[in-house]
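Worksheet: one structure, shown below.
The values are calculated or read from the model by the stated rules, or taken from the named source; none is laboratory data. Please read all numbers here as calculations on a predicted model, not as lab measurements. Cβ: placed from backbone, ideal geometry, glycine included. Neighbour counts: every protein chain shown.
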Amino acid sequence: MTFFKICGIRDVDSAIIATESGASFLGFVFVPGVSRQISITEASELIAEYRKNILSGAPSLVGLFANQTIEEINEVVFQCNLDYVQLCGDESPDYWKDVKARVIKQIKIPVNLDQKESMELIDISLDKITKAGAIPLLDRFEEGKLGGTGKAFNWNFLTGISERYDFILAGGLTADNVGEAINISIPWCVDVSSGIEKNGAKDRDLIIEFAQSVNKNNY
């Protein structure tokens, strides 16, 4: 079974719709200067309001960070009661061992490598991250981008990977293509943000359609 994560949450309604649609994770972006950034105050208030409406079966809460201090990350974890921290920068295992939540570590896949080079990079990165006790998240590399790119990489590079590792697949996913992505790569979880937005805001119908596409391809 493939789970799904709705990322870039900035309003209570989207969090509730994602939960009702079966999301296993909700993501909140604390990376400075990116389009979906939310402040610690906004996030804590949103999460408190959300929890008034969702009394049981709530998804795990994930905070996204990139090259920020351990002190800053752990303060957000405490204030927002996060379950996971997703690291999107250059953080090493020595760095993330002090994070006071489970860690998801992003792997950025360059698109200028051939299949052999890409598969070797993916395998080495997955091995390193899982041995350090974190969950790997695979996304496309784009120069100057922290966090997600909203663009896909070649999912065929992941053939057979799921037999050895659990991983989260991100990058350019939508209701129209997530079924293909699941069938090719068989990820533990898929992650979506821009693929469920209209005009830069989360869209109720697109969230529901994405959830339906994921669930239709679970077997």
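Below, the figures for the structure above:
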read-out: Residue that is surrounded by the most Cβ atoms within 10 Å (Cβ to Cβ), among those in the range 1-24 that are free of Cβ contacts under 8 Å to residues at least 60 places away in the same chain and over 14 Å from E45 (Cα atoms); value: T19
read-out: Tally of residues being over 24 Å from V29 (Cα atoms), surrounded by 15 or more Cβ atoms within 10 Å (Cβ to Cβ) and of a type outside the set (S, T, Y) across the range 182-211; value: 3
read-out: Condition met for K151 (part of a loop (DSSP other than H, G, I, E, B), on the phi < 0 side of the Ramachandran plot and either modelled with pLDDT of 90 or more or touching a strand residue (DSSP E or B) at 6+ places or on another chain (Cβ under 6 Å) (or both)); value: yes
read-out: Every pair of residues 6+ apart whose Cβ atoms lie under 6 Å, when the first sits in the range 149-172 and is more than 24 Å from E197 (Cα to Cα) while the second is modelled with pLDDT of 90 or more and of a type in the set (S, T, N, Q); value: L158/S185; Y165/T130
read-out: From L113, L138, L126, residue being touching a helix residue (DSSP H, G or I) at 6+ places or on another chain (Cβ under 8 Å), without any contact (Cβ under 8 Å) to a residue 24 or more places away in the chain and either crowded, with 19+ Cβ neighbours inside 10 Å or in a loop (DSSP other than H, G, I, E, B) (or both); value: L113
read-out: The listed residue being in contact (Cβ under 8 Å) with a residue 40 or more places away in the chain, out of contact with any strand residue (DSSP E or B) (no Cβ under 9 Å at 6 or more places or on another chain) and either assigned to a helix (DSSP H, G or I) or at positive phi (or both), out of I184, I208; value: I208
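Here is a yes/no grid of residues against (1) touching a residue at least 40 places away in the same chain (Cβ under 8 Å); (2) within 18 Å of the chain's Cα centre (by Cα); (3) buried (at least 16 other Cβ atoms within 10 Å of the Cβ); (4) more than 17 Å from K97 (Cβ to Cβ):
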site	(1), (2), (3), (4)
L46	no, no, yes, yes
N53	yes, no, no, yes
E75	no, no, no, yes
Q79	no, no, no, yes
